[in-house]
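Remarks on the structure that follows.
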Amino acid sequence: MERQDRDLAFMLQYENIAWFDGREVRILDRRVYPVKVEFVTCKTHQEVTRAIADMVTQSAGPYTAAAMGMALAAHECRDRRAADQFKWLEDAADNISHARPTTVSRMKIITGGCLEAARRAIEAGGDAAQAIMDHTIEANNLRYSKVHRTAEYLVDMFPDDGTVMTQCFGETIVGMMLKVCRDRGKSIRIYCPETRPYFQGARLTATVCHDMGFDVTVITDNMPATVMRNEHVDVFTSAADAISLDGYVVNKVGTFQIAIVAKYMGVPYFVTGAPDPGHPTIDTVTIEMRDPEFVLQAMGQRTAAQGVKGYYPSFDITPPYLVSGVVTDSGIYAPYDLHRYFNNGDGEFAQRGLNL
């Protein structure tokens, strides 16, 4: 199968997300990109877990990193008996999948697929690490191709010469929506809130848009309402870390407030991604609370006095009444009707946790 990352921006190329080279895993450090192009090198699967927890990679990056960590785990135990290899890989899968609490259900799907690929290889006397790599590239190709179909439906919602506001870094859907716009000859302007404290919108989304030749403007996180009104934003869109089956969107904190503004101003909000069967209701989602110290600094420079407290929920929850549509690879669904997605034969995609 032809690799689906062709013609996308640098940081969306498979090797530039996370890659197992036969001995170690290299992960693009998105905490400093694009100011610096640096890779974090992980020599054990435990170090991969730590890199994911430490936000070395974000958005969909952790899913590729998790799979590469499983390939590294297979390399670590390659000289053991088959039964011991299985045990080692099961423990590695548990360790990696729990790197971040909000994404455990998806991570288990990723690591579970790697376990199955490794099992088949070990039983056949083959190379489990290579089998995991082959499985991961195939899974990435599947995800990218399905996200491309999602982008086709999303771009249908963009007017010609339209203005689009994004939130955080939607990973593959950002590149694919721009690729579809380019292929159709559709010109759009993009406004990217900076998305503190890691500035993913400023550093990642805006860089991908710029790399792919689009007009992109960075705004601060307290500007969306004014920009939406003054610049006549046509569409607000984001990806999602999870979409529960009862229609709630879990995404980078700040999504909720932009959705409120969009509703007030009559701007449609389209979220991209497959509904997550691991979250039948929003009550099953755990919102990750991260180190509040990150709120008190900007890119390593402290911005608040000592003794001032911070508060840092990584994600917020947008209720379905603020969502105009959930854009998937099989069409656009009302947030109140997400079970119909699975009736169209697309449940396997969602169950593999490939939303971004």
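The values are calculated or read from the model by the stated rules, or taken from the named source; none is laboratory data. From a predicted model like this one, the values you see are computed outputs, not experimental measurements. With ideal geometry, Cβ positions are generated from the backbone for all residues, glycine too; neighbour counts draw on all protein chains shown.
Observations on the model:
Yes or no, residue by residue, for (1) over 18 Å from the mean Cα position of the chain (by Cα); (2) farther than 28 Å from Pro224 by Cα:
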position: Glu76; (1), (2): yes, yes
position: Ser97; (1), (2): no, yes
position: Val104; (1), (2): no, yes
position: Thr111; (1), (2): no, yes
position: Ala124; (1), (2): yes, yes
position: Asn141; (1), (2): no, yes
position: Ser145; (1), (2): no, yes
position: Val155; (1), (2): yes, no
position: Val164; (1), (2): yes, no
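- Candidates are the residues of the range 5-49 that are free of Cβ contacts under 8 Å to residues at least 24 places away in the same chain and in a helix (DSSP H, G or I); the one that is nearest to Gly213 (Cα to Cα) is Asn16.
- Residue check, Lys108 among the charged types (D, E, K, R), farther than 28 Å from Thr328 by Cβ and surrounded by fewer than 21 Cβ atoms within 10 Å (Cβ to Cβ): no
- Residue count for the range 113-134, restricted to those that are farther than 18 Å from Arg23 by Cα and crowded, with 16+ Cβ neighbours inside 10 Å: 6
Table: residues versus (1) at pLDDT 95 or above; (2) β-branched (Val, Ile, Thr).
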site: Met1; (1), (2): no, no
site: Val25; (1), (2): yes, yes
site: Leu28; (1), (2): yes, no
site: Met55; (1), (2): no, no
site: Ala60; (1), (2): no, no
site: Met68; (1), (2): yes, no
site: Arg81; (1), (2): yes, no
site: Trp88; (1), (2): yes, no
site: Asp91; (1), (2): yes, no
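- Selection of the range 281-295 for residues being part of a loop (DSSP other than H, G, I, E, B), at pLDDT below 95 and in contact with a Ser or Thr (Cβ under 8 Å, 6 or more places away or on another chain) yields Val285, Thr286, Ile287, Glu288, Arg290.
- Looking across the range 292-311 at every residue that is touching a helix residue (DSSP H, G or I) at 6+ places or on another chain (Cβ under 8 Å) and not basic (Lys, Arg), the one that is surrounded by the fewest Cβ atoms within 10 Å (Cβ to Cβ) is identified as Tyr311.
- Selected residue (only one of Ala225, Ala262, Ala206, Ala239 is out of contact with any strand residue (DSSP E or B) (no Cβ under 8 Å at 6 or more places or on another chain) and at negative phi): Ala225
- Residue check, Ala239 surrounded by 15 or more Cβ atoms within 10 Å (Cβ to Cβ), at pLDDT below 95, among the aliphatic types (A, V, I, L, M) and under 18 Å from the mean Cα position of the chain (by Cα): no
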